[in-house]
Amino acid sequence: MRPRRPKPALPEGLAEPMEAFLAHLALERGLSAHTAAAYEGDLRQLAATCARAGRRAWTEVGPADLDAFLAWLGRRRVSPATLARKLAAARAIARHLVRSGLRRDDFAELARGPRHRRRLPGTLSPEEAARLVAAPDTSTPHGLRDRAMLELMYGSGLRVSELCGLELPALDLDEALVRVRGKGSKDRVVPVGEPAAAAIRAYLKAGRPALARARTGSAVFLSERGQALSRKTFWVGVRAAARRAGIDRPVKPHLLRHAFATHLLGGGADLRSIQELLGHADIATTQVYTAVDRAGLAAAHRRHHPRGRRRG
């Protein structure tokens, strides 16, 4: 394996404000490690490009430098989504420099990124979701665990990281509630439906004790080694459950979260409630599910209404 090349040193005037901004993101805004790492990579790339152009400090960076950076990314055929993310990182540090008094002007204010259509999330029909959560073999500890996880994810809309990171004190099955820590280290309390509560009780009674080891901590869902189940292992379990359920298309864990939201919306729940249940900071993120629901309504209209059918 080839050793990694060390990152090129940046001028102090670029490096220090950038590190201060990244610390601000981690400590004050509570971004996840994954998101913070993405910001760091994007900003280091921007700073390195500016350094190659002779800029020694962020006060010397101007709109033309950002335009040159975006053009360079375009020549490398970076996807529109990645380009938009890198531009968002540049805008974020530019605003931070103004707020902190290091600059009077925002060098990214007029920058324009690529326009791209947001892909609608996939989902499952209620029948497919029911088959999927019922697929694990509950005669085994692993099956009890997988059934409980699938029921909880579909019934409460948890993210995969929230599900795998769940700890015993967060469960209140008597009140049918669970406390989860979401993005930005923000806690929220979500209801647990009776099927999920029953599946969790069955797992805690006969599944978890069989998987626990001497050094097992308080993680709810355990691996073969008695440790918190990884997202990768859960992903494998979801694919196996999809095969058992006869679903002949790729099924990712996040699909259950999408199904939770779209089925709530289809049942009449309002967007604000769904936003709170999903833990979205911005309701614009939740609004994508209205497009999914409209797409389903349009398809149903084409299939079932006499004036909606396409003429062949």
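None of the figures in this text is laboratory data; all of them are computed from the coordinates on show. In this text the structure is predicted, and so the values were computed from the model without any measurement. Neighbour counts run over all protein chains shown; Cβ positions are idealised from the backbone, glycine included.
Data for the structure
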read-out: Distant-in-sequence amide H partners of G182 (H built 1.01 Å from N, under 5 Å); value: D187, R188
read-out: Charge context of H254, other residues only, Cβ under 12 angstrom, K/R +1, D/E -1; value: +3
read-out: Amide H contacts under 5 Å for L177, placed H, 5+ residues apart; value: D172, V192
read-out: Amide H within-cut-off set for L222, under 5 Å, with H built and near neighbours excluded; value: L229
read-out: Net +/- balance of residues flanking L222 in space, Cβ distance below 9 Å, scoring K and R +1, D and E -1; value: +3
read-out: Given charges at beta-carbon only (K, R positive; D, E negative), |dipole| of the stretch 12-99 in Debye; value: 380
